[in-house]
Amino acid sequence: MEKIKFSNVLPQVFANRSDIHSDVWKQDVEFQKGHLYLLESESGKGKSTFCSYIVGYRHDYTGEISFDNRSISDFKMKDWVEQRKCHVSHLFQELRLFPELTAYENVEIKNHITAFKTDAQIHDWFERLGIVDKMNTKVGLMSFGQQQRVAFIRALVQPFDFLLADEPISHLDDKNSTIMAEIMLEEAKKQGAGIIVTSIGKHMDMNYERVLRL
């Protein structure tokens with residue numbers, strides 16, 4: 001997939017509002033593969049909703065969203081499975097980890113499906129992010145910041161054309177935020193992928209090519 005396009009899109013929850021001043025909602029905007037975007041927002045402006053539309057979890061909007069000029073309103077379940085497995089990776093704000101599984105098991109369960117990364121690569125990411133000693137710890141016993149790093153690693157064990165990172169560093173210190181940004185950029189470069197980072201405040205320090213406001 002080379003591009004994602006939003007054409008006059010507006011979440012239905014905002015349908016009766018006349019105070020929408022956004023670079024995305026009710027606009028024509030494209031996100032191109034291989035480029036780096038920051039989507040800034042105040043709370044309640046639809047940041048997570050934006051991500052949910054791209055991965056097909058929500059469809060409550062007017063306007064049109066297209067992938068390479070194909071409207072996603074035409075997608076069947078098999079199309080969404082293909083997109084989520086091979087084209088769009090999503091780092092959820094709420095993480096969506098399995099608390100009863102270990103940190104490694106949470107990553108491995110996805111890598112088993114994609115067969116995309118080696119154990120050595122996964123181990124290296126755990127080490128660089130300072131949680132290698134937590135690999136065999138159940139996620140439910142880890143801090144939110146540690147869980148955030150596990151979820152980040154899980155998001156990378158698949159091929160993708162676009163990586164959506166929804167509030168990826170809300171509970172991280174500057175050191176781990178920098179390391180996460182380095183890993184993200186390395187992986188995106190390998191795959192020629194685009195990155196869309198969302199934030200309501202603190203965000204990764206990267207050379208964003210375009211900053212948009214919701």
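The values are calculated or read from the model by the stated rules, or taken from the named source; none is laboratory data. Just so you know, these numbers come straight off a predicted model, no measurement behind them. Heads up, the Cβs are rebuilt from the backbone with ideal geometry, glycines too, and the neighbour counts pull from every protein chain shown.
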Cβ pairs under 7 Å, 6+ apart, first in segment 183-201 and within 17 Å of Arg149 (Cβ to Cβ), second among the charged types (D, E, K, R): Ile183/Arg128
Within segment 142-179, considering residues that are assigned to a helix (DSSP H, G or I) and among the β-branched types (Val, Ile, Thr), the one farthest from Asn106 (Cα to Cα): Thr178
Of the criteria (1) surrounded by fewer than 18 Cβ atoms within 10 Å (Cβ to Cβ); (2) part of a strand (DSSP E or B), which one Lys26 fails: (2)
Residue in segment 134-141 that is out of contact with any helix residue (DSSP H, G or I) (no Cβ under 7 Å at 6 or more places or on another chain), surrounded by fewer than 17 Cβ atoms within 10 Å (Cβ to Cβ) and in a helix (DSSP H, G or I) present: yes
The one condition in (1) farther than 19 Å from Val9 by Cβ; (2) surrounded by 15 or more Cβ atoms within 10 Å (Cβ to Cβ); (3) modelled with pLDDT of 95 or more that Lys78 fails to fulfil: (2)
Pair list, Cβ under 6 Å, 6 or more apart: segment 1-23 residue within 28 Å of Lys33 (Cβ to Cβ), other residue of a type in the set (S, T, N, Q): Lys3/Gln32; Lys5/Ser66; Leu10/Thr62; Pro11/Thr49
Segment 95-133: number of residues that are polar (S, T, N, Q), surrounded by fewer than 16 Cβ atoms within 10 Å (Cβ to Cβ) and either at pLDDT 95 or above or not in a helix (DSSP H, G or I) (or both): 2
Segment 142-155 residues that are without any contact (Cβ under 8 Å) to a residue 60 or more places away in the chain and crowded, with 23+ Cβ neighbours inside 10 Å, paired with ones that are aromatic (Phe, Trp, Tyr) and part of a helix (DSSP H, G or I) (beta carbon under 9 Å, 6 or more apart): Arg149/Trp125; Arg149/Phe126; Val150/Tyr104; Val150/Phe126; Ile153/Trp125; Ile153/Phe126
Set Lys45, Lys33, Lys85: member being surrounded by fewer than 18 Cβ atoms within 10 Å (Cβ to Cβ) and either more than 20 Å from the chain's Cα centre (by Cα) or not acidic (Asp, Glu) (or both): Lys85
Selection count, segment 187-202, where residues are surrounded by 13 or more Cβ atoms within 10 Å (Cβ to Cβ) and either within 13 Å of the chain's Cα centre (by Cα) or under 21 Å from Lys33 (Cβ atoms) (or both): 10
